Each structure stands twice: as C-alpha cells, then as structure tokens.
Amino acid sequence: MKSVAIVGGGITGLTAAYRLHRKNIPVTVYEAAPRVGGVINTERREGFLAESGPNSLLETSPKITSLIKDLGLENRRLYSNPAGNKRYVVRGRKPVPLPGSPAAFFTTPLFSIGAKLRLVAEPFIRRSPESLEESLAQFVKRRIGAEFLDYAINPFVGGVYAGDPERLSVRQAFPKLHALEQRYGSLILGQFLGARERRRRKEVSKQSAKQLSFDEGLRVLPATLESILGDRVRLGASALRIQRHSEGWKLGVREGGKEVESGHSAILFTGSTHRLADLRITTPEPLDVGMFSEIHYPPVASVALGFRRSDVEHPLDGFGMLIPEVERFHILGSLFSSTLFPNRAPDGHVLLTNFIGGTRSPDLALLDLEEMERLILEDLGVLLGVRGKPVYRHCVVYQKAIPQYEIGYSRFKDRMSELEKRAPGFFLAGNFRNGIALSDSIVAGHDAADRIEKFLGSRENPPDSATLTDIPPTTA
Ligand SMILES: Cc1cc2nc3c(=O)[nH]c(=O)nc-3n(C[C@H](O)[C@H](O)[C@H](O)COP(=O)(O)OP(=O)(O)OC[C@H]3O[C@@H](n4cnc5c(N)ncnc54)[C@H](O)[C@@H]3O)c2cc1C
C-alpha cells in the first residue's frame with residue numbers, strides 16, 4: 001500500500017502519523033520547517049527552560065493519557081504545581097486572585113456586589129434561539145452581565161485565543177458553552193448536570209483537567225514522536241500541489257531546492273489555513289480553497305524573561321496573571337513559569353513568560369525586541385514589582401499565531417467538510433478545525449487517523465471510474 005501523506009509535523013500531524021503507524025498503515029510526514037512540533041517551541045539555555053508556544057497540556061481526554069503511556073513518557077511527565085490552580089486577574093492595576101470556591105466568590109474584590117447578584121440570576125435568563133449566531137461578548141453580557149465580560153471573559157480570551165470576545169463566535173469558539181445554554185438553559189445548571197455526562201464519556205472539562213508538561217518541556221512530545229517515526233518524517237519538505245489520480249493521490253513537494261512528486265493512498269492536511277489556501281489542488285471537481293486565506297490569525301509575541309528572585313516583589317504563587325483590556329496595559333498576560341513546573345529557572349531566579357499582541361493590539365507583537373521589552377518591563381514593574389533588568393530573555397514572534405473562530409466561521413468549517421466529501425481521501429485536521437488547544441490537536445490527530453483507516457478499508461469497493469481518471473495538472 002502507498003503511504004498516507006501527512007502534511008504538517010505539528011502535534012496534530014505527528015499524532016495522526018503515529019496512530020496510523022501503530023495500525024501498520026505506512027505514513028510519510030512532510031514538514032516545511034527544519035524541525036517538528038509546529039508552534040511547540042521549547043528552549044533550554046543558561047539554566048532556564050522557556051516555552052514560547054504552548055506552556056502546558058490539559059489532560060482532557062483518555063486519548064492523551066494513552067498517547068503519553070504508549071510513548072513511554074509517563075515517568076517524564078510533570079503535573080503542574082498545585083499552586084498553579086491560583087490565577088490572578090488584574091483589577092485596579094493590581095493582580096487579584098480569581099476565587100477558587102463559591103465562598104471565595106462572594107468575598108472576592110474582583111467583582112462588585114451588583115455583578116455577583118447578576119450571576120445568581122443566570123439560571124433565570126432565557127436561552128437564545130438556536131439559529132442566532134452571537135459573539136462571545138453578546139452571549140456573556142446577556143447571560144452574566146458586562147462586568148464578567150470585562151473582568152473574566154475578556155482576559156481569559158486574551159490569554160487563550162489572544163482574541164477579542166466581540167469578534168469570536170460563541171458557537172464556534174466555545175461550543176461547549178453554547179451547548180450548555182441550549183441543552184440546560186443555564187450555564188450554572190449545565191456545569192453541574194454536564195459533569196455527569198463527561199464522567200460517562202471519561203472526559204474531563206478544561207477547567208478541571210490536570211495540566212502537564214515534561215522534564216524537558218513540551219518539545220519532548222513531538223521529539224519522541226519524531227524519533228519513533230524515524231525517516232518517515234521529512235523535514236524542510238513543503239507541500240505545494242495535490243492531485244487526484246487513478247491510483248489515489250500525488251503530492252508535489254519542494255524539498256532541498258527541488259520539486260518532487262510522490263504517490264499516496266490518502267492525504268491529511270494539518271498545516272495552517274493560509275498554507276492550505278496556497279495549495280494547488282487538482283481533482284475531478286474543482287475545489288476552491290482560496291477562501292481559507294481569509295481566516296484571521298493575529299500575531300503574538302511570546303517573551304520569556306528570567307529575573308533574580310530578589311528583583312521581583314510578588315510571591316508568584318500561581319499560574320500567572322491575565323489582564324483585562326479595560327485595565328490598559330500592554331501585555332495580555334504573564335505566566336509564572338518557574339512556579340508552574342520545576343527546573344524552569346536556576347536557583348535564586350524566576351521565569352516569567354509574557355504574551356503581547358493578539359487581536360487586542362497586533363502592532364505591539366511586531367515592535368522591535370528592545371521596545372517590546374521596555375513596555376513589558378513597564379507593566380511588570382507596576383503589576384509584580386519587578387525592579388531589576390532581566391538576566392535571560394527569549395522571544396519568539398508568531399506572525400500568524402492562532403486561528404480565530406470569529407462570527408461566520410461556520411462557512412469555513414462547512415467548506416472543509418465539503419472538500420472532504422468531494423475529494424474522498426483528502427482529509428483536514430488541526431487547530432483551524434477541531435479547537436485551538438494543544439489537547440484538541442492531539443485528539444484531532446488521533447481521530448483523523450481513525451477516519452483515514454476507515455477510508456482505506458472502504459476503498460476495497462472501488463469508486464466509480466469517472467472520478468478516478470487521471471487529471472491534467474492544472475490548478476482548480
Ligand atoms: C503563542 C502560543 C501559545 C499557546 N499556548 C497554548 C497553551 O498554553 N495550551 C494549549 O493547550 N494550547 C496553546 N496554544 C495552541 C496550541 O499550541 C496549538 O493550537 C497546537 O499546538 C496546534 O498544533 P497543530 O499541529 O494543529 O498546528 P501547528 O503547530 O501550527 O503545526 C502545523 C505544521 O504544519 C507545517 N506546515 C504548514 N503548511 C505546510 C505545508 N504546505 N507543507 C509542509 N508543512 C506545512 C507548519 O510548518 C507546522 O509545523 C498556543 C499557541 C501559540 C501560538
């Protein structure tokens with residue numbers, strides 16, 4: 001059997017490749033970059049271990065737990081420090097802990113009495129019509145009020161999506177939240193009632209899932225997958241053209257300065273959507289992928305800074321702090337990385353990972369490093385009492401960081417489903433379709449492998465000849 005081509009060696013592509021490989025289905029991974037992992041990017045230098053992409057993985061699904069076990073990584077897995085359950089949100093130019101219990105909720109200074117009473121009324125707010133596509137901001141204002149939008153949802157969305165709740169679609173970006181309202185008529189009631197169903201599916205909600213990393217950071221995961229897949233992974237290999245032909249698929253790739261073509265039984269695309277829009281796809285029925293270039297990916301800079309412990313006043317006793325837009329700082333938030341996992345900073349030092357840019361202020365992600373660092377230090381000085389200069393810095397700018405599931409995103413998802421239907425054997429999976437968290441990408445890769453296995457099994461019934469004649473290599 002010809003191998004399945006996996007375009008993209010990020011975590012989605014590698015997970016899919018590994019699962020197919022375990023099922024004895026041959027695979028070839030084509031990765032444009034000189035290394036695997038996609039946005040996962042760990043650096044160990046001068047005693048610091050910095051993550052510029054994802055910092056932790058949420059163990060939301062048994063598929064993630066099994067992957068770690070199958071890879072033999074259980075003894076390298078690190079669960080986050082329990083102190084990491086404490087999260088700060090900035091209010092009145094000070095980090096204030098998010099309440100961790102119902103009792104703490106009623107006493108926290110983070111929300112006014114009016115906002116707390118408004119929350120209590122949530123179960124009595126009517127659900128919206130199913131057909132209405134609301135922004136996250138509209139949804140939150142309607143159900144729990146404007147103060148929760150400003151001081152809970154806005155900073156949270158800045159931290160997770162680097163996005164804007166006014167633009168994100170609640171149905172697409174937070175489908176579980178939307179489903180809670182539709183199903184139970186209330187987010188609060190749904191939280192309790194939905195827990196039973198999750199337990200039945202052996203799933204864990206993102207709020208209560210354990211956070212993990214590895215002794216040498218998240219790069220351990222893609223690096224281990226790469227070492228198992230061996231020469232099935234081709235680095236510096238950028239997919240350019242895809243063509244359906246009589247025996248399956250041909251993939252045109254630029255590799256080592258040359259264009260090469262190889263035959264495959266199926267193709268799974270896991271790259272970003274602007275790269276998908278650039279692909280030339282030739283199939284019996286024209287497939288228009290141009291619209292995918294419209295998907296918004298804001299730039300984000302991740303700036304890890306190491307300090308002497310004595311230069312930081314704040315106890316850093318938590319996961320980090322998120323900053324609401326109304327508080328008017330430059331950064332979106334800061335992770336207390338050396339609190340979260342051990343060995344992230346040398347003795348007597350701390351590591352803070354700061355994010356800047358996103359939909360809120362894209363230009364800030366594109367400043368030169370010196371100016372960016374000046375603004376970050378200004379914020380950290382006010383918020384965490386950081387006084388000295390950093391002794392370590394590591395900055396990575398993601399020009400197109402995270403796909404934004406904004407209002408109208410369903411048209412992109414519908415087109416993805418249509419493509420798969422009209423081009424059997426061509427599959428799409430990744431953070432542009434299946435959720436933006438690392439955990440979502442692992443589950444997406446796992447599930448894509450199962451869909452491909454099913455397709456290859458069903459090919460024993462040959463498709464009709466009209467769709468399988470060789471097609472001249474013109475762009476559709
Ligand atoms: C700054 C940042 C912080 C984040 N923090 C967290 C976090 O703390 N927790 C969390 O759960 N999630 C986090 N995320 C999100 C999460 O990391 C990603 O959504 C997830 O890792 C995406 O994996 P992927 O494989 O789908 O895509 P990617 O990692 O983008 O991988 C796609 C790969 O495809 C390759 N590619 C693209 N086109 C082609 C082509 N034509 N030919 C060959 N190769 C191609 C690319 O080079 C890339 O390596 C963060 C993301 C960013 C950017």
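Bear in mind that the values in this text are calculations on the coordinates, not laboratory data. Only a predicted model underlies this, so the values are computations on that prediction, with no experimental measurement involved. Heads up, the Cβs are rebuilt from the backbone with ideal geometry, glycines too, and the neighbour counts pull from every protein chain shown.
What the table below lists for this structure:
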| item | result |
| --- | --- |
| Long-range Cα-Cα pairs in the chain (distance over 37 Å), rounded percent | 30 percent |
| Global form of the stretch 153-272, assessed from the alpha-carbon gyration tensor, a/c cut-off 1.5 | prolate |
| Whichever aspartates and glutamates have a C-alpha closer than 16 Å to that of residue 454, once near sequence neighbours (fewer than 8 apart) are set aside | 420 |
| Unit charges on C-beta of K, R, D, E only; dipole of the chain, Debye | 1240 debye |
| Rounded to 10°, Cα long-axis angle of helix 369-384 versus longest principal axis of the chain | 40 degrees |
| Test item: Cα-centred dipole of the stretch 189-254, Lys/Arg +1 and Asp/Glu -1 on Cβ, debye | 420 debye |
| Charge dipole (the chain, unit charges on Cβ, about Cα centre) - positive-most of 189, 50, 228 | 189 |
| Equivalent ellipsoid, the stretch 63-197 (semi-axes from 5 times Cα gyration tensor eigenvalues, Å) | 28, 22, 16 |
| Expected-Rg normalisation [2.2 N^0.38 Å, Cα atoms] applied to the stretch 262-312 | 2.06 |
| Farthest positive-ward along the stretch 39-171 dipole, Cα basis, beta-carbon charges - from 100, 84, 117 | 117 |
| Over the chain: helical MRE at 222 nm, DSSP H runs n ≥ 4 each giving -39500 (n - 2.57), nearest 500 | -9000 deg cm²/dmol |
| Estimated vicinal HN-Hα couplings, Hz - the stretch 396-410 in sequence order (Karplus 6.51, -1.76, 1.60; Gly, Pro = x) | 10, 9, 9, 4, 10, 7, 9, x, 9, 7, 8, 3, x, 5, 4 |
| Diffusion constant of the stretch 329-390 at 4 °C, which comes from Stokes-Einstein with the Kirkwood Cα-pair radius and 1.567 mPa s, µm²/s | 104 µm²/s |
| Radius, Kirkwood style, for the stretch 1-118 when every pair of distinct Cα atoms is counted (Å) | 18.5 Å |
| Charge dipole magnitude, Cβ of K and R +1, D and E -1 - the stretch 202-359, Cα centre, debye nearest 20 | 240 debye |
| Cut-off under 5 Å, modelled amide H: who pairs with residue 320 long-range | 88, 336 |
| Bins of 10 Å, starting at 0 and running to the largest distance - Cα pair percent for the stretch 51-100 | 19, 36, 28, 14, 3 |
| Members of 94/116; 23/250; 23/400 lying beyond 25 Å, as alpha-carbon distances in this model show | 23/400 |
| Within-10-Å neighbourhood charge of residue 281 [Cβ basis; K, R +1; D, E -1] | +2 |
| Stretchable slack from residue 133 to residue 447, in nm (0.36 nm times residue separation minus alpha-carbon distance) | 110.3 nm |
| Computed over the stretch 143-195, Cα set: Rg, Dmax in Å | 11.6, 30 |
